[in-house]
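Notes follow the structure.
The values are calculated or read from the model by the stated rules, or taken from the named source; none is laboratory data. Note that the coordinates shown come from a computational prediction; the quantities given were computed from them, not determined experimentally. Neighbour counts are summed over all protein chains in view; Cβ atoms, including those assigned to glycine, are modelled from backbone coordinates with ideal geometry. Only protein heavy atoms, including side chains, enter the accessible area calculation; ligands, DNA and RNA are left aside. Shrake-Rupley method; radii C 1.70, N 1.55, O 1.52, S 1.80 Å.
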Amino acid sequence: MPLARMPRIERLDLAQIELPADHPAAELGLSVAVHGFLIDHPDGVILVDTGVGFGNDFIDDLYQPSRERLDGLLERLGLGLDEVVAVVNSHLHFDHCGQNPALFDTSTKFFVQAAEIEAVQTDRLYTDASWALSPPDQRRVLSGDEQIADGVKILATPGHTVGHQSVVVEAAGRRVVIGAQVVWHRDEFESEVASRANVDPTPELQAAAVESIRRLKSLQPEVVHLSHCHAYRPAK
Ligand SMILES: [Zn+2]
């Protein structure tokens, strides 16, 4: 069923991190915001990404995160963790899934691409697995696109990682995209460039990243929300 009106969509300022000097995005600025997003859907709250988690000394030393707790951020919006029906992890790097555990052992479903689960299980340095991997009965593992609620669709948008995904919210002739880390900086969305800051310089990933940008652009969204940058708003 189509949604009668566009739900409230809020940006969550989940964390601020300091990039190590050898990080591929360091030349664009060492201090980086980490945004998540909240869709206040009639079926319940849907979160896209949960920021940096707690209790990993290696990540705390390397990235010096300052964090906001998910429950506190929701409370300021008049919402509670118990209203969250779904979490969409754009991908499972540490700064996108860190507060997943706040919703473990609840009825919240976690939507993630199979390629991300595989990356976590095969690469010890990919992320903090204790944040990334929800209990299996809460996990909804996708291989491609999936409609998850009225007007809310996940689109596979590989590039930054093989299993990166974005969310499109559609209602009453309007379209909003939560592109997460499909690009690092909004200028890359405009110019359709897969920057070295965001995408490994392998031809497959570079091509996939550009294809993902074009795919989201073709939806003609009014805004594209991004994980580490202000939103992209196309010129009218
Ligand atoms: Zn990432």
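A few comments on the model shown:
- Vicinal HN-Hα couplings computed from phi for region 102-115 (Karplus, 6.51 cos²θ - 1.76 cosθ + 1.60; Hz; Gly/Pro x): 4, 10, 6, 6, 10, 8, 4, 9, 10, 9, 8, 7, 4, 4
- Evaluated over region 147-222, the Cα radius of gyration and Dmax, each in Å: 12.3, 40
- Value of relative contact order over the chain, rounded to a whole percent, pairs C-alpha under 8 Å and six or more apart: 18
- When the residues Asp22, Asp187, Asp123 are ordered by accessible surface, computed with a 1.4 Å probe over the protein chains alone, the sequence from largest down reads Asp22, Asp187, Asp123.
- Computed on the Cα atoms alone, the convex hull of region 144-191 gives a volume of 74 cubic angstrom per residue.
- As computed over region 2-86, the Cα convex hull volume per residue (Å³): 120
- Amide H partners (placed H, <5 Å) of Ser195, local residues excluded: Trp184
- Spatially, region 86-124 and region 1-66 are offset by 13 Å when compared through their Cα centroids.
- With all protein chains in place and a 1.4 Å probe, the accessible surface of region 1-155 carries 48 percent carbon and sulfur.
- Residues of region 4-23 with amide N under 20 Å of the 7 Å Cα→Cβ point at Asp150: 4-10
- Accessible area of Phe58 in the full protein assembly, 1.4 Å probe (Å², nearest 10): 140
- Sum of -39500 (n - 2.57) over DSSP H runs of 4+, divided by residues of the chain (222 nm, nearest 500): -5500 deg cm²/dmol
- Cα principal axis extents for region 55-138, largest first, Å: 38, 31, 19
- Since only Thr127, Thr161, Leu216 are under comparison, the one whose Cα sits farthest along the positive direction of the charge dipole of the chain, derived from C-beta charges on Lys, Arg, Asp and Glu, is Leu216.
- Potential lengthening between Arg174 and Arg139 on full extension [0.36 nm per residue; Cα-Cα distance subtracted]: 9.6 nm
- Space enclosed by the convex hull of the alpha-carbon atoms of the chain, per residue, Å³: 120
- Per residue accessible area in Å² of the chain, where ligands, DNA and RNA are left out and the probe is 1.4 Å: 47
- Label-point gap, in nm, between Ser218 and Asp40 - each point 7 angstrom along Cα→Cβ: 3.4
- Reach of Lys153 by Cα under 24 Å, taken over lysines that are not fewer than 8 positions away in the same chain: Lys109, Lys217
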